[in-house]
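Let me begin by presenting the structure, written as structure tokens, before commenting on it.
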Amino acid sequence: GIGIDTRTTEGGRGSYDGTTGLPTRMVFRFAGMPAGTYSYRSYHHDTENVVTPFRVEYSTNGGASYTTLTGPFRMTDSTAGGTPAGPQVYTGSGNQDPATLPSTINFDLATAGGQDLLVRYTPLSSSAGVHTQLFGVNAIELRAVTPPTAPTDIQFPTTVVSRTAVEGTVVGSFSSTDPTPGDTFTYTLVSGDEADDNANFEIQGNQLVIERQLGEFNTGDTLSIRIRSTDAAGGYFEKVFTLQVVNDSDNDGLDDSWELLHFSDLDEIASGNPDNDGLTHLEELQNGTLPLDPDTDDDDLTDGAEVKPPFTDPLDADTDDDGLEDGDEVSIHHTDPTLADSDDDAYPDALEIEQGTDPNNAASFPNIVLPLRLNEVLAANNTGLRDGNDSREDWIEIYNPNPQPLNLAGYRLTDSSLEPTKWVFPSVMIPASGYLVVFASGTGVPDAQGKLHTSFRLSASGEYLALSRADGTIDDQFSPVFPAQIDDVSYGYHPTSTALRYFSPPTPGTANIGGYQGVVEPPVFSVGRGFYDNPVNVTLSSTTPQTQIRYTTDGSKPSSTIGTLYNGTALPVTTTSKLRAIAYRAGWLSQPVQTHSYVFVNDVAQQSATPPGWPTNWGYDSEVGAVVPSDYEMDPRVVNNTLPGYSVREALLDIPSVSINMPMDDFITPPGGIYASPLNRVEKECSVEYLPIDGTAGFQANCKVEIQGNSSRRPYRMQKHSLRLTFSSTVGPPKLDYPLFPDTSVTEFNKLVLRACFSDSWGLVSWDSTRYRPNDSQYTRDVWMKRSFDDMGQLASTGRYVHLYVNGLYFGLHDLTERLEDDFYASHLGGEAEDWEVNADFATGGPRWNQMMAIANSANIATTAGYQAILPYLDVENFADYMLLHFYADAEDWPHHNGYAAVNAVSGDGRYRFSVWDQEIALDKFTWNRYNRNDGNLTPGTLFQRLRLNPEFRLLFADRVKKHMFDGGAISLAASCNRYLAVAGQIDKAIVAESARWGDTADKTPYGSIIQQPSPLSNVDHDAYPPAPHFGEPGGVYFTREGSWVVERDNIVNHHIPVIHS
């Protein structure tokens, strides 16, 4: 189930009766529905007195219009009572069916193909009591009443196209599979993934016709088109087709160069078969066989016999590589020429014939022990198999091909040919036709689970490795060395041959699967990422021979079939651009896509309100009740009116930048882009680059990105959104390994947040003017809180300000910071990440938190015994400092949430430590005074109220006040002011670029709050101080560095901090 709370204190919008107030809504979106009739049902039942009335609406056109169901409806409950009191409606006993409850919603609807279905619930909440301010959905059901009738497949008869064909040439005709008998279809070329070459063709009826000559392509190139088949009812199906470019001037289906090579003329026909081998010319061309030789590989089997039906390789006399020619296996030995071991008894056919046993009888095999195999090795294990000590070590997999188990006592493993007995197996059994994994950790002793460990480690740069018997006979070896290894890619034997391959993913303890012949080195860019003023020409290359490179310039991810094929010509880069490329080779493993961003800062300053290729709006939002307007422009009123030394160019080059590149549909195009549907908590794959201002390389990695935050993700509240980056082995490196922050020794990061600074920013659309407003936005308050906590000697997440670009467009100033999760605490405080219990946002307290709160809530917490009892659970100095800092800064949106606490009771000291998070409404007002807040057992407020009953804790708290607020302490007057100026100084220039990008958001967005002014304008204690600049001017309000940011900075240092300190 899922629920929402309409109370403003919990992020809701307060009471709403359908007319008065603002609605707090829950919306379910079913994207791209097939055409059909559906039955919808949702359940709304509670066990703890919730009886909130609600309204239900649905839209079958993506939110453009809604149908309201007759209501209102009301949630039902299993328990009588509550505030206000409600009846017991359902007990769960007898034959009661939840589907018949009055709170259960049932309705039918019809959808058009491809449209989004939205179901919107609006609680009709009131202040009568808490149980009419909550709303929930237990489950939803959506069933097709009449099955969709859209096409299910598209067929096309050919896979080739002639590069010499003239415009208007018909390539072939489409047909469709559809469940509706006699249906008719319309075919169109459509945009989307792998639609790179659509422009070269057109559709005439059901025929694919060449639109432009294909002479620019090389023979062997692959063209990709995307086709949509739409039936009479509007249902559709899309499919990608690839066409190989061939050289066929006479349109006979045969490549001209092939005809000239074998016949010296172009007079052959596709159906010809002069060598009478059972294959036509076209089949010989497709299979690579000789058209004038009936047995291309001289194995006494004709080409046709080998190809039809697919039987053996007509180009290899020994298809299964068992030492026996295919023809001999068929006519003499009667073995299977496609299997090296016809009877699957682990003994190759050639060996059985040599030893005199029957190669077709599994019960007949030689009386010898087959050599064991070094089947698979992994010398760079970063994210894979863990040993019995829960550690990731390199490993070696042994395979026993024998049909009986073996005791390996006396067998040896070594990484030195000069020391064959370096590590000797103890008595251990390896199963028949089975596997044994040995960890190469260097310890030489079994781990906690008895798993074996060698006395040597493996070198990822490649080294000698051998497996030998007790008598010194070498069963298998990598000699002179196995090749250099890649993170989490193993190396070993092809599952059905002796060929060596790379494996991704690895398969420890099981048979290898597939494998790659080699690894393609990533493409090399001749010009590095960074900032530029003049055009550059970029060339792409790869150090791996026989590779091809594909690239994109629109942010999308290239692959071996997606993107433009690089032809060696330099690519001109004349303005802010992104270039993504991949090198590939058939049968080889490609390295991750490489991305380089080129930022032309002078062009960024002129960023248009309507940049080419970007959507003109960010989609419909139900809370806004309208389409969210796009916002891209760099405001010329700011760009053209800056102080000396504070130009937009200087602002953009004053701090590092982060560049994110990804498909536009994934980022911002409605309805699926994360910026266009920020309420959907979904991750998308992207590339992220870090661009230092000193010209050094920075980094590039592929990772996942999503919208970060709660209220700030709502378009009605915030036009600019925070982003979260997650590094995952599913798309790139498992962690970012880079010295990103200068104030910490931690260099590995699992998750990072690009904070847009929400209530302390100019990207606001609506706000509560008594709590926060854009007039006094600084982008610094949360950072000052963290740096203050750090200076108090406590752990705080580190960060740094950056400018953000997405697909080459500037998206403003962000605070790039660590995300507080288990891996953060493990990195900074030690222990394993999984051992940390985190109370995130004071909403996820675990078992140890509950134990601590049980002690805090006990009657003897005021006693010495009670205080001593809680000390093993709580770092009391950390907690006292945490509370003191928030009291001192008069933090408003706290302590009911916006904070973290974490403990490690497994590999740590078991004491909770608190961390600052999301304190954007601090140093803002003098009247919040959260000293007496008691918000429940998950919150620090309740813990503090209990601990303050204890005289020892009160004395400790007083000591911490003395330590930090006086005598030059961390939050003494001078230290607090100096720290604030230092934090503000980090963006003193950068804030100008933010002003140009987002300074006019609050005023020009056609919904949300109205900017107010202080009365009088000089009243520094008024909520609306400082006055909004340009108020009442024809162009509207836009916030600037000099007009508002500097004014509030100085007000905080010269007035606010001195007042709170007094």
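The values are calculated or read from the model by the stated rules, or taken from the named source; none is laboratory data. Nothing here was measured: the structure is a model prediction, and the numbers come from that model. Cβ atoms come from the backbone with ideal geometry, glycine included; neighbour counts cover every protein chain shown.
Being in contact with a Leu (Cβ under 6 Å, 6 or more places away or on another chain) and outside the structural domain of residue 577 (by TED's automatic domain parsing): is that true of residue 630 here? Spelling it out, it is not the case that residue 630 is in contact with a Leu (Cβ under 6 Å, 6 or more places away or on another chain) and outside the structural domain of residue 577 (by TED's automatic domain parsing). Within region 176-201, how many residues are crowded, with 16+ Cβ neighbours inside 10 Å and not hydrophobic (A, V, I, L, M, F, W, C)? Total meeting the criteria: 10.
Results for (1) under 27 Å from residue 569 (Cβ atoms); (2) among the hydrophobic types (A, V, I, L, M, F, W, C); (3) at pLDDT below 95, shown as yes or no for each residue.
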residue	(1), (2), (3)
499	no, yes, yes
502	no, no, no
513	no, yes, yes
531	yes, yes, no
537	yes, no, no
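Taken over region 552-602, the residue count meeting the criterion of being among the basic types (Lys, Arg) and in a loop (DSSP other than H, G, I, E, B) is 2.
Restricting attention to region 402-422 and to residues that are under 44 Å from the mean Cα position of the chain (by Cα) and surrounded by fewer than 19 Cβ atoms within 10 Å (Cβ to Cβ), the residue that is farthest from residue 377 (Cα to Cα) turns out to be 422. When 249, 229 are screened for being small (Gly, Ala, Ser), farther than 18 Å from residue 159 by Cα and either assigned to a strand (DSSP E or B) or out of contact with any strand residue (DSSP E or B) (no Cβ under 6 Å at 6 or more places or on another chain) (or both), only 229 passes. Any idea which of 1034, 1029 is without any contact (Cβ under 8 Å) to a residue 24 or more places away in the chain and buried (at least 16 other Cβ atoms within 10 Å of the Cβ)? Answer to the check: 1029. For residues in region 695-715 being of a type in the set (S, T, N, Q) and within 17 Å of residue 24 (Cβ to Cβ), which is surrounded by the most Cβ atoms within 10 Å (Cβ to Cβ)? Among those residues, the one meeting the criterion is 712.
Residues in region 335-357 that are in a loop (DSSP other than H, G, I, E, B) and loosely packed, with under 15 Cβ neighbours inside 10 Å: 344, 356. One residue stands out in region 30-88 among those that are touching a residue at least 40 places away in the same chain (Cβ under 8 Å) and on the phi > 0 side of the Ramachandran plot: the one that is surrounded by the fewest Cβ atoms within 10 Å (Cβ to Cβ), namely 32. When restricted to residues that are assigned to a loop (DSSP other than H, G, I, E, B) and either among the hydrophobic types (A, V, I, L, M, F, W, C) or in contact with a Ser or Thr (Cβ under 8 Å, 6 or more places away or on another chain) (or both), region 769-784 contains 6. Of all residues in region 404-429, those that are in contact (Cβ under 8 Å) with a residue 60 or more places away in the chain and either polar (S, T, N, Q) or outside the structural domain of residue 441 (by TED's automatic domain parsing) (or both) total 1. If you go through region 517-551 and keep only what is in contact with a Ser or Thr (Cβ under 7 Å, 6 or more places away or on another chain) and assigned to a strand (DSSP E or B), you end up with 520, 524, 538, 549, 550, 551.
The criterion of at least 3 residues that are under 30 Å from residue 597 (Cβ atoms) and touching a residue at least 24 places away in the same chain (Cβ under 8 Å) is met, among helices (runs of 4 or more DSSP H) falling completely within region 807-920, by 822-829.
Of 526, 497, 559, all but one fail to be surrounded by fewer than 18 Cβ atoms within 10 Å (Cβ to Cβ), among the small types (Gly, Ala, Ser) and under 27 Å from the mean Cα position of the chain (by Cα); the exception is 559.
Restricting to region 444-460, count the residues that are of a type in the set (Ser, Thr, Tyr) and in contact with a Lys or Arg (Cβ under 7 Å, 6 or more places away or on another chain).
Of the residues in region 444-460, 1 are of a type in the set (Ser, Thr, Tyr) and in contact with a Lys or Arg (Cβ under 7 Å, 6 or more places away or on another chain).
Within the set 867, 888, the sole residue that is within 18 Å of residue 796 (Cβ to Cβ), more than 38 Å from the chain's Cα centre (by Cα), surrounded by 20 or more Cβ atoms within 10 Å (Cβ to Cβ) and assigned by TED's automatic domain parsing to the domain that holds residue 824 turns out to be 888.
On the basis of being surrounded by fewer than 22 Cβ atoms within 10 Å (Cβ to Cβ), over 49 Å from the mean Cα position of the chain (by Cα) and not in a helix (DSSP H, G or I), does residue 321 make the cut? Criteria not met by residue 321. Just one of the numbered conditions (1) closer than 12 Å to residue 377 by Cα; (2) touching a Leu at 6+ places or on another chain (Cβ under 6 Å) is not true of residue 463: (2).
Against the condition modelled with pLDDT under 95, surrounded by fewer than 21 Cβ atoms within 10 Å (Cβ to Cβ) and of a type in the set (Ser, Thr, Tyr), how does residue 669 come out, does it pass? Taking the combined requirement at face value, the residue satisfies it.
Regarding residue 366, is this residue within 30 Å of residue 471 (Cβ to Cβ) and within 47 Å of the chain's Cα centre (by Cα)? Against the criterion (within 30 Å of residue 471 (Cβ to Cβ) and within 47 Å of the chain's Cα centre (by Cα)), residue 366 does not qualify.
Could you say which residue among 466, 470 is in contact (Cβ under 8 Å) with a residue 12 or more places away in the chain and assigned to a loop (DSSP other than H, G, I, E, B)?
None of the others qualify; the one that does is 470.
When you go through 782, 743, 822 one by one, which is the residue that is more than 29 Å from residue 1024 (Cα to Cα), of a type in the set (Asp, Glu) and more than 22 Å from the chain's Cα centre (by Cα)? Only one candidate passes the filter, namely 743. For region 110-133, filtered to residues that are in contact with a Pro (Cβ under 9 Å, 6 or more places away or on another chain) and modelled with pLDDT of 90 or more, the residue that is surrounded by the most Cβ atoms within 10 Å (Cβ to Cβ) is 123.
Check 241, 263 and return the single one that is of a type in the set (Phe, Trp, Tyr) and under 30 Å from residue 187 (Cβ atoms).
Answer to the selection: 241.
Residue-level analysis places residue 436 among those that are assigned to a strand (DSSP E or B) and under 35 Å from the mean Cα position of the chain (by Cα).
With respect to the conditions (1) touching a Gly at 6+ places or on another chain (Cβ under 9 Å); (2) part of a loop (DSSP other than H, G, I, E, B); (3) of a type in the set (A, V, I, L, M, F, W, C), residue 31 falls short on a single one, namely (2). For first residues located in region 252-280 and in the same structural domain as residue 293 (by TED's automatic domain parsing) and loosely packed, with under 12 Cβ neighbours inside 10 Å, partners that are at pLDDT 90 or above and not small (Gly, Ala, Ser) and lie 6+ apart or on another chain with Cβ distances below 8 Å form the pairs 271/280; 271/281; 276/294.
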